Amino acid sequence: MTEALWTSVDRYFAGLFIGADPALDAAMASISEAGLPPISVSPNQGKLLHLMARMCGARKILEIGTLGGYSTIWLARTLSIGGKLVTLEAMPKHADIARSNFVRAGLSNMIDLRLGPALETLPKLHAEGAGPFDFVFIDADKPSNPDYFAWALKLSRPGSVIVIDNVVRDGRVTDASSTAADVQGIRRMNEMIAKEPRVSATAMQVVGSKGYDGLAVVRVNDELPRRA
Ligand code: SAH
Ligand code: DHB
Ligand code: MG
């Protein structure tokens, strides 16, 4: 089994369940034309995020790592009037392209893009009293994943869902002796999640047009019932 086969199956499902979508297709084209890295979620992954956020009835969404806004558009489309999505991006060029994609998708009034390193913008969000967020998508620099997970939890409520992209990295995540900063960040985050009594979690391997990777899904537990 090869990446070519995974890609053709991805195309088959995207053809059935997604089809042509002018705003998303234009966003994807703008990302490659601008020379941004081809690391947006795939169409099927985008739709999965969209469905998960919708299943949560999310009204407040937080995304860490915008790139050109492809995943952001999928997520923002779940919001009804009054809903809000905050997305965090460190690179001005990525933020500019994302903003123009939000305008074209007719979503710019629901999306608040905060430019800057997420470890600076997250404490500001917290200080402002933003949140609790119903759904959080973590998809920025992988070495910071332990910190991003801690912030996501701080900005959540019981029942919130946190999804983390890229937790498999071609299977390198199982290598405890890896010196790669991304693998170390992902492993440390996974261990934090596993030890955290306030959440329940799993992770899934994914193959497709983006190669071999995976995502973790975390739900913040309900508060324990109080005893009289
Ligand atoms: N979620 C996007 C892909 C994000 S790629 C999608 O699927 O469409 C990761 C993004 O995180 C890049 O745009 C990168 O510039 C950004 N990033 C990297 N380090 C960051 C940091 N410290 N703070 C905020 N964003 C960061
Ligand atoms: C990389 C980052 C991503 O968010 C992704 O989905 C794939 C690759 C990367 O930095 O290599
Ligand atoms: Mg990713």
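No lab work stands behind these numbers, since they all come straight from the coordinates. Computed from a predicted model, the values in this text were never measured in an experiment. All Cβ positions, glycine included, derive from the backbone under ideal geometry; neighbour counts span all protein chains shown.
Roughly how far apart, in whole Å, are the Cα centres of segment 60-83 and segment 158-187?
Spelled out, the Cα-based centre of one part sits 23 Å from the other.
Among the DSSP beta bridges whose two residues both lie in the chain, what percent are antiparallel, rounded to the nearest 5?
Just about 45 percent of them are antiparallel.
Neighbour counts of other C-beta atoms within 10 Å: give me 142, 84 arranged from fewest to most.
Result, fewest neighbours first: 84, 142.
Can you tell which of 95, 168, 194 lies farthest toward the positive end of the dipole of the chain, using +1 and -1 charges on the Cβ of basic and acidic side chains (Lys, Arg; Asp, Glu)?
Highest projection toward the positive end goes to 194.
Using +1 on the beta carbon of Lys and Arg, -1 on that of Asp and Glu, and nothing else charged, what's the dipole of the chain about the Cα centre, debye to 20?
700
What FRET efficiency would be calculated for the residue pair residue 55, residue 178, taking the C-beta separation as r and a Förster radius of 30 Å, to the nearest 0.05?
0.30
Give, to the nearest whole percent, the P(r) tail of segment 3-220 beyond 24 angstrom, counting all Cα pairs.
Across segment 3-220, Cα pairs with separations above 24 Å total 40 percent.
Mind giving me the FRET efficiency for residue 154 and residue 219? R0 is 25 Å, r the Cβ-Cβ distance, nearest 0.05 is fine.
Using R0 = 25 Å, I get an efficiency of 0.95.
When the helix-only estimate is applied to the chain (DSSP H runs of n ≥ 4, each -39,500 (n - 2.57), divided by the residue count), what is the mean residue ellipticity at 222 nm, nearest 500 deg cm²/dmol?
Only helices count here, giving -13000 deg cm²/dmol.
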